[in-house]
Amino acid sequence: MQRYNPKEIEPKWAKIWDETGVYTTDLNSSRPKYIGMSMFNYPSGAGIHIGHAMNYTISDVKARFKRQQGYESYHPVGWDAFGLPAENYAIKTGVSPQESMANIIPGYHKQYKAMGWSNDWEKEIATHLPEYYKWSQWIFCEMYRHGLVYQDSRMQWWCPIDNTVLANEQVIDGKCWRHDGPDDPPVEKREIKQWFFKITDYADELLEATDRLDWTESVKLAQKNWIGKSSGAEIDFALENSSKKIKVFTTRPDTIFGATFLVLAPEHELVQQITGEEQKAEVDKYVKAAIAKSEVERQESKEKTGVFTGAYAINPANDEKIPIWIADYVLTGYGTGAIMAVPGHDQRDNEFAKKYDLPIIETVEAYTFDEENPPKKGKPNTKRNVAICVVKDKEGKFLTLKWNKLDWHNFVMGGVEEGEELIKAAKREIAEETGYTDVEFKSRMPFALNSVFYAAHKDVNRDIRVDVLLFKLKSDKKQEVKLEAHEDFEPVWIEQSKLRSLHPIGGLDYIVRWIEEGDYVYAGEGRVIDSGEYDGLSTSEAREKIVTDLEKQGVAEEKVNYRMRDWSVSRQRYWGAPIPIIYCKKCGPKLVPDEDLPVILPELTDFTPTGDGRGPLARAEDWLKVDCPKCGGPAERETDTLDTYVDSSFYMLRYFDPRNQEAIFDSKIANKWAPIDFYNGGDHATAHMLYARFVTRFLNKIGKINNPEPFKQFLFNGKVSASDGSAFSKSKGNGIDPLEIISQGYGADALRTYLMFAAPLELGARWDPQGVPGTYRFLNRLWNLVEEFAHSKPLETRDSAKDEILRAAHKMIKKVTEDIEANRYNTAIAAMMECVNDFYRLKVAEFGNNAIWRKALESLVACVAPFAPFIADELWQQLGHSSSVHKDSWPKWDEKYLQADTVKIAVQVNGKLRAEIEASTDATETEITKLAKANDNVKAHITGKKIIKTIYVPGKLVNLVAQ
RNA sequence: GGGGAUGUGGCGGAAUUGGUAGACGCGCUAGCCUUAGGAGCUAGUGAGGCAACUCGUGUAGGUUCAAGUCCUAUCAUCCCCACCA
């Protein structure tokens, strides 16, 4: 018998797999296809880390599982080779990125193979090779030809260290993603001319299709938020004494009667024109300061600031004259860069109005609904005004009424008579019901509550309007309380913290929030008031009607806005695909003709950015000078390179046809292989995924591919964290090197199995130094089991434990098959461990070379194979196979073996477990109940009691309800 | 501020439709065995109690014959977005 020695068998099998090409995919195979992959790797000098080990093992297990099931399974591999780290390394050391990639990537080959990942190396891709980035450039051209590319000057994030433009997502907490240390400077803004992809043209369809994706829910949500669709209207506000107008975007046109001022972003184009002489100095100062500030600094100061322009606009809804302010809480890049401020129903406008003493008008009342007593159809409606009287004493306690026989405990409240003044009515109620007479009115909740409900005692629908008033108890002075016969209640003072436990009337939540927070801007839906002809409408009705009416006057239109901006693809850097554009003085910017693609990135010796906004490519003078493709005159190439997200937005499709020199891919092959069946990763869940979807949709539109979505299933897996729960980081030096774990003697199999076993994939494993030894022990037990079997004597007699062996094996097959399918790898491994334990227990009775044991062990080895491929192939061979376990070996389970003769039934008395009985599988309810009652312990608990109910759950439990 | 997720032994985590809480692994305890190893095998391991039994899934209520699971409130941790009108 041999001992389990991963150090010996793993390199052996890696070599065999390499030589025999087990993982080479036939893209034209007639088998059903399966393609599973993880986000491709950025090659760095450091080699793979534990996070890579996690990510690629997840997709590898999936691909191997399908390969064993008979699919033509494809686990592609590639390198996201362009990007800043290699370039910065070049700046530092003078080693060109081309050279460092050539040094680094072969090292990765060895590491990937040592991890046992079943990649198809024949189809390897790398984004920095001209044969690949030709297609990055081609996509740029194709988008250009379809009107999806434009050039514009924009204020852009600028990293003062790298001297380059940054994308929004590369700015983290106000600093460059690569320089986010405490001593690093914040990012700046600079105006730069750059190329954009019009992804916003696809915003709606990207959003609309998101719901149907089989993706991790949180990622879908992040995509939706990123797109950030909001529907509303653009409304023109005419300027007073001028023909000019200001266009605002709002999602709440229903609140237009509450719009008491306008606010423009400091960068708004009209600011200069409308500012009055008197205000000019101050406005200029404010605008200058706002522009100089980075957006991050603006966000840091939470306090709203702004200045009055001196100009007025006319509210088109009511012709009121309202002042125009500028403030930096209004962003220039969203909507029209101008808003109508509704301080009555918007938190931000409210803060601003309070600070600068601008009028606040409420035009929306809350509408609440009593779900327990919905209005009944056909009953008359009776309207009523009601006051809720919140009385607070000196100790901060609140006066409530508690009914003695009813389930009712709440504030003092009562009807307001016709023509009666609200505060007077409230005081009267307080005095009548509680006796307190010395109360002082403090404030009224800024919006009323409306509710329609069925009042059973009067058999009518009540339509009530509730005002909430706060009073202060000045003294304990009381009058005599004369209660009517049905009024059986008493006043109770309660703490503020107990307010939420009052009887749940509709709107209680608003009232408590108003009491707790002092002021509370109601931004919800409801009923419109003080809005002229629209009074009484619901906010959604008013929204529609107001926009329609304003549209008729030609001053409004419905409008959808997206938070998402167009995709800036220009980078002032060297290490990327050159943007295929030629600038001609005569003809302007022209595309490089397709036949001249790729535009090869020239070799340089100096990689530092020029610092003038142009990238290092400006230094390649020979390369720079070129003839204009249109007029043939002297021209210059674009010196910007493409954002690396462009390269990674289509790589998954390039895998379908990686060597094609004539096209990005052959549509026939792509249509067979798309979409990617399984994709996973622990980063880039928003931007990369959205860009990949955008580009795929584009290729679908131009007829290159049938499926508009690239990824059928996406699993956003968790990261591996250190044993104390913190993240691994270079600076802490607490990283785990997968190759070191392997070379320590545990092997890749034990490492892979541990990573997949430690936690659900979405959660991410926590590194436990004892974890790999644990899965190693499991593999070792499996090894010894098979070895012992292989060396055992033939067992002629029928196996006495046959049924149990088969049941253990088939239970395991079922669980593992279903769990891998559903991405529950941790419980799949647990099932295999359980099976090994079962086999150890069973082999005590009888173990030897017969068909049953052989079959059982074979299925176990096959199920282990996706997780621990090396040991599986070795043991598969031990079991007498000459072909690899990694193809067409997946076992099937048979339900008939899963049935046992007897089942254990739990017996409860009043819901408490009292016994466990064994009954035959086909026993009837009566038989089982009888058996249960016969149990001694059960007897002890039911004697002297009457069994009033028996609940029987077939095959599981009996619950005797005794009294 | 907004949105989302998660709270279960000493630890990582299991638990279809509500139906025996703690699968599996780590750690720990005891015993066995031996080529004395980073080994293997067997048994035990939520808490309290001699026991019957009682308590137990962040906290407080509720629904139910029965709640980790459903409802209400609340606390904590983590992640994402962050003045988007």
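Summary of computed values
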read-out: Heavy-atom accessible surface of segment A:639-785: percent carbon and sulfur, 1.4 Å; value: 49
read-out: Residues of segment A:775-900: accessible area per residue with a 1.4 Å probe, Å²; value: 43
read-out: Efficiency of FRET between A:LYS424 and A:GLU487 - r from beta-carbon atoms, R0 30 angstrom, step 0.05; value: 0.90
read-out: Against the rule of thumb 2.2 N^0.38 Å, how large the Cα Rg of chain A comes out; value: 1.22
read-out: Under 13 Å from the A:LYS189 label point (7 Å along Cα→beta-carbon), backbone N, segment A:313-354; value: A:327-334, A:337
read-out: A:HIS684 versus A:ASP724: modelled label distance in nm, points set 7 Å from Cα along the beta carbon direction; value: 3.2
read-out: A:ILE702-A:GLU834 FRET efficiency (beta carbon distance; Förster radius 60 Å; 0.05 resolution); value: 0.70
read-out: Fraction of accessible area attributable to carbon and sulfur, segment A:113-271 (%, probe 1.4 Å); value: 46
read-out: Contact order relative to length of chain A, as percent, for alpha carbon pairs under 8 angstrom and 6 or more apart; value: 14
read-out: Antiparallel %, DSSP beta bridges [both residues in chain A], to 5; value: 70
read-out: Semi-axes of the equivalent ellipsoid for segment A:141-284, Cα gyration tensor, largest first, Å; value: 33, 26, 18
read-out: Calculated over segment A:565-638: convex hull of Cα atoms, volume per residue (Å³); value: 115
read-out: Peptides ranked, highest mean first, by Cβ atoms within 10 Å: ranges A:625-633, A:686-694, A:952-960; value: A:686-694, A:952-960, A:625-633
read-out: Additional length obtainable on full extension of the chain from A:SER29 to A:ALA934, 0.36 nm per residue less Cα span; value: 319.4 nm
read-out: Gain in span if fully extended, A:GLU122 to A:GLN479, counting 0.36 nm per residue against the direct Cα distance; value: 119.0 nm
read-out: Highest to lowest packing among A:378-386, A:477-485, A:318-326, scored as the average C-beta count within 10 Å; value: A:318-326, A:378-386, A:477-485
read-out: Computed [θ] at 222 nm, helices only, for chain A once each DSSP H run of length n ≥ 4 contributes -39500 (n - 2.57); value: -10000 deg cm²/dmol
read-out: Accessible surface of segment A:852-950 [probe 1.4 Å, protein heavy atoms]: carbon and sulfur percent; value: 48
read-out: Distance (nanometres) between label positions extended 7 Å along Cα→Cβ at A:GLU351 and A:ASN849; value: 8.0
read-out: Residue-normalised accessible area of segment A:353-486, expressed per residue, 1.4 Å probe, Å²; value: 57
read-out: Cut-off 20 Å, label 7 Å out along Cα→Cβ of A:LYS229, residues of segment A:321-351 by amide N; value: A:334-336
read-out: Rounded accessible area per residue of segment A:618-735, 1.4 Å, Å²; value: 39
read-out: Summed side-chain charge close to A:GLN963 - residues other than A:GLN963 whose Cβ falls under 14 Å, Lys, Arg +1, Asp, Glu -1; value: +3
read-out: Alpha-carbon centroid distance for the pair segment A:104-130 / segment A:742-808, whole angstrom; value: 29
read-out: Calculated FRET efficiency for the pair A:GLN151/A:VAL95, C-beta based, R₀ 41 Å, to 0.05; value: 0.75
read-out: Segments A:588-601, A:909-922 sorted - mean Cβ within 10 Å per residue, highest first; value: A:588-601, A:909-922
read-out: Segment A:676-712 versus segment A:504-555: alpha-carbon centroid distance in Å; value: 41
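The values are calculated or read from the model by the stated rules, or taken from the named source; none is laboratory data. Note that the coordinates shown come from a computational prediction; the quantities given were computed from them, not determined experimentally. Note: ideal-geometry Cβ built from the backbone for every residue, glycine included; neighbour counts use all protein chains shown. For accessibility, only protein heavy atoms count, side chains too; no ligands or nucleic acids. Shrake-Rupley method; radii C 1.70, N 1.55, O 1.52, S 1.80 Å.
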